[in-house]
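To start, the structure under review is shown below, and the notes come after it.
The values are calculated or read from the model by the stated rules, or taken from the named source; none is laboratory data. All values reported here derive from a predicted model rather than from experimental measurement. Neighbour counts are summed over all protein chains in view; Cβ atoms, including those assigned to glycine, are modelled from backbone coordinates with ideal geometry. In case anyone asks, the SASA skips ligands and DNA or RNA and just uses the protein heavy atoms, side chains included. Shrake-Rupley method; radii C 1.70, N 1.55, O 1.52, S 1.80 Å.
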Amino acid sequence: DGLPRSSCQLSLGSRPVTMGVMKVVKTPQYFKTFQVKFRRRREGKTDYRARKGLTAQDKNKYATSKYRIVVRITNKDVCCQIIDAKIHGDVVICAAYAHELPRYGIKVGLTNYAACYATGLLLARRTLQKFGLDETYEGQTEPDGEMYCVEAVEDGPRPFTAVLDVGLVSTTTGNRVFGALKGAVDGGLDIPHSAKRFPGYDKAEKELDAETHRKYIFGGHVQEYMEMLQEDDEDRYQEQFAKFIAEDIGPDDLEEMYTSGHAAIREDPSAKPTTKEDSYPDLKKKKMSLSQKRDRIRQKIASYKNKMSKEGGDDDEDEASDE
């Protein structure tokens, strides 16, 4: 079959004995031609099959940019970016983060569905302002949870178009990434989508309950949970919503907070530059020399011996007192 074989001979008395032939499964040629996967695939960070579909552009469109709205949610923040894929790497055109929302009056709950909606809205208004389209495409000024798509104006520029990049998250119904999508669409971006993954979509009836979706946009689900905890478990409410209590925000204040936040975002979506310090403290531990490490070990041993000797002396005193 063309594969190299090897045999092993043993000497049994005066007659050599030949053992069975063994196949070499992985030849040197195999290891020479082995190709490692991309680094971000090895790290489990990028789905390259999905990325190719999101970034590949038709050849008859030449170098026309194909924008992606990238949504990533961490434990404490929501990151929304408009990214253009280039040969030399991705280029971030515009970005918005949930930690900017306190500037617009949304001070708590920065990772829930309502915060994702507000972050997507901020990204949309900021992007359109950058391209001079904010007055032409205002989007859905009064969110009602209904399905909405941007329509191009007749005598004017076409809307800013992007495709949603959700990364590795499970695209289940009600996922928070679709809250950011809804916020961006209501903000005036043209993003191809359907209503099947919004909260309130009934798979059997194949229709979206706009009231349920609106409730999530304005934090109604958080309000219900807060009221339930207040009635059933006050201690847990005090612990879980400590930041809400510190800001004097109750269950009935959430809708007003998000409504005023949306209005503030539309009024001024521009990014505010952060203040930079001349120098920052070095938080990295300095490397110890060998002599310092040995001296540290001697100190630990001496401290341990001193502690044990004291404990031994205390035990002897206790025994003497008992006698």
Residue 117 is checked against (1) part of a helix (DSSP H, G or I); (2) open to solvent by 20 Å² or more (accessible area, probe 1.4 Å) and fails just one. What number does that condition carry?
-> (2)
Filter region 61-114 down to residues that are over 24 Å from residue 129 (Cα atoms) and assigned to a helix (DSSP H, G or I) and give me whichever is nearest to the chain's Cα centre (by Cα).
-> 113
Tell me which residues, restricted to region 196-219, are over 14 Å from residue 115 (Cα atoms), in contact with a helix residue (DSSP H, G or I) (Cβ under 9 Å, 6 or more places away or on another chain) and open to solvent by 20 Å² or more (accessible area, probe 1.4 Å).
-> 197, 200, 201, 212
Out of all the residues in region 63-73, is one or more touching a His at 6+ places or on another chain (Cβ under 9 Å) and under 30 Å from residue 260 (Cα atoms)?
-> no
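Here are 63, 56, 85: which of them is among the hydrophobic types (A, V, I, L, M, F, W, C), farther than 21 Å from residue 166 by Cβ and modelled with pLDDT under 95? Let's see the steps before the verdict.
Numbers: 56 fails: farther than 21 Å from residue 166 by Cβ; 85 fails: farther than 21 Å from residue 166 by Cβ.
Testing whether each residue is among the hydrophobic types (A, V, I, L, M, F, W, C), farther than 21 Å from residue 166 by Cβ and modelled with pLDDT under 95 leaves just 63.
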Mind telling me which of the residues 183, 174, 167 ends up being of a type outside the set (A, V, I, L, M, F, W, C) and not in a loop (DSSP other than H, G, I, E, B)?
-> 183
When region 262-291 is checked residue by residue, the ones that are surrounded by 10 or more Cβ atoms within 10 Å (Cβ to Cβ) and either touching a Cys at 6+ places or on another chain (Cβ under 7 Å) or of a type in the set (Val, Ile, Thr) (or both) are 265
